[in-house]
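Notes follow once the structure below has been shown.
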């Protein structure tokens with residue numbers, strides 16, 4: 001029934017490797033540590049959880065509310081906006097997104113001047129948009145777990161970033177975590 005949870009949660013666990021770059025680099029050296037992070041997150045993590053979401057969307061289930069043109073449009077707007085935010089954020093941090101290193105420098109311009117985790121902000125919008133567009137129980141569960149995962153992932157990543165980038169502590173004090181104009185610890 002909920003087989004989509006297996007790749008979804010497996011992907012989340014693998015994706016957590018992005019919060020272990022410092023540990024991996026200390027244990028196996030910087031180059032290998034970055035490579036391990038890359039493999040676990042980008043080759044295993046993201047594809048696994050993406051498959052979990054695809055399975056959740058494709059699973060036949062009753063709707064939690066009636067879809068309509070306005071909800072479909074809202075869903076597409078949220079998905080698109082989240083996607084654009086993610087793309088802009090990825091372009092801003094370039095290779096650091098795919099291959100984090102203990103030599104990374106703090107990015108604090110563009111979207112990163114407004115929020116510390118614009119990729120996660122965009123992901124929240126995509127989860128919300130996906131649920132509005134396809135409001136089934138399985139999609140609600142997948143998106144709910146996705147939101148919890150992003151919150152946990154963010155905490156883990158910030159611990160790692162504090163170790164890798166000395167200026168990150170001051171940055172945390174100045175810039176909100178997910179949403180502009182809101183102070184979040």
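Structural remarks
- Largest GNM mean-square fluctuation among 118, 166, 47, using the chain with Cα springs under 10 Å: 166.
- Ranked for footprinting exposure by Cβ neighbours inside 10 Å, fewest first, 18, 101 give 101, 18.
- For the chain, diffusion coefficient by Stokes-Einstein and Kirkwood Rh (Cα), 4 °C, 1.567 mPa s, µm²/s: 75
- Neighbour counting of Cβ atoms within 10 Å sorts the residues 64, 8, 90, fewest neighbours leading, into 64, 90, 8.
- In the chain, the calculated helix contribution to ellipticity at 222 nm averages -21000 deg cm²/dmol per residue, counting -39,500 (n - 2.57) for every DSSP H run with n ≥ 4.
- Estimated Rh, segment 48-108: Kirkwood, alpha-carbon pairs, angstrom: 14.9
- Taking the fewest neighbouring Cβ atoms within 10 Å as the starting point, the ordered list for 67, 174 is 174, 67.
- 0 to 90° range, to nearest 10: angle between helix 46-58 axis and the chain longest Cα axis: 10
- With Cα atoms, 0 to 90° folded angle of helix 5-15 axis to the chain main axis: 20
- Nearest-ten-degree value, helix 137-164 long axis tilted from longest Cα axis of the chain: 10
Computed from the coordinates by the stated procedures, all read-outs in this text should not be read as laboratory data. Just so it is clear, the model here is predicted, and its values are computed rather than measured. With ideal geometry, Cβ positions are generated from the backbone for all residues, glycine too; neighbour counts draw on all protein chains shown.
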